[in-house]
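To start, the structure under review is shown below, and the notes come after it.
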Amino acid sequence: MGKDKLGMLVGVLGLLVVVIPAVAHHAFVAQYDPSKSTTLRGVVTKVEWTNPHARFYVDVKDTSGKVTNWNLELASPNALRRLGWTRDILKVGDEVSIFVAPAKDGTKMANARTVTLSDGRKMVAGIAAEQGGAQ
């Protein structure tokens, strides 16, 4: 392989490394359906304060009493900090209410837009936090 072809290959690979994560990160409408937004109420079972998005899991009981564990995506930890969140604001065992945009594929996964904490504080949590605004 000549130097020109090798240089082009390295350039294309470098561009892909930058573009693919950006496209994947901004695919909110591909994964979630804001037109079916709803409120979930339940008990926090796990919290992950990691990049690119913090997550937490909540046991939600339906009207028949069946409990389902939901995987809820938050904004990035940096965006959450700017909005007043701390690493320990959500704790296992807390009862919370979450306004969510559910996953389009029907899995028990959603983007948390706002979270009402057990003490009554309402926290902005979703994609708008990434963009610097409330929902």
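The values are calculated or read from the model by the stated rules, or taken from the named source; none is laboratory data. This one's a predicted model, so the numbers in the text were calculated from it and none came from an experiment. Positions of Cβ are backbone-derived with ideal geometry, glycine not excepted, and every protein chain shown enters the neighbour counts.
A few remarks follow.
- Residues that are of a type in the set (D, E, K, R), in contact with a Gly (Cβ under 8 Å, 6 or more places away or on another chain) and under 18 Å from Ala30 (Cβ atoms) number at least 3 in none of the strands (runs of 3 or more DSSP E) confined to the stretch 65-117.
- The residues of the stretch 55-64 that are in a loop (DSSP other than H, G, I, E, B) and β-branched (Val, Ile, Thr) amount to a single one, Thr63.
- Residue list for the stretch 71-87, filter: under 12 Å from Phe56 (Cβ atoms) and more than 12 Å from the chain's Cα centre (by Cα): Trp85, Arg87
- Within the stretch 65-82, the only residue that satisfies the criterion of being farther than 11 Å from Lys108 by Cα and touching a Ser or Thr at 6+ places or on another chain (Cβ under 8 Å) is Pro77.
- Pick from the stretch 115-127, criterion of a type in the set (Val, Ile, Thr) and more than 15 Å from Trp70 (Cα to Cα), ranking: modelled with the highest pLDDT: Thr116
- Among residues of the stretch 82-103, those that are basic (Lys, Arg) and at pLDDT 95 or above, counted: 1
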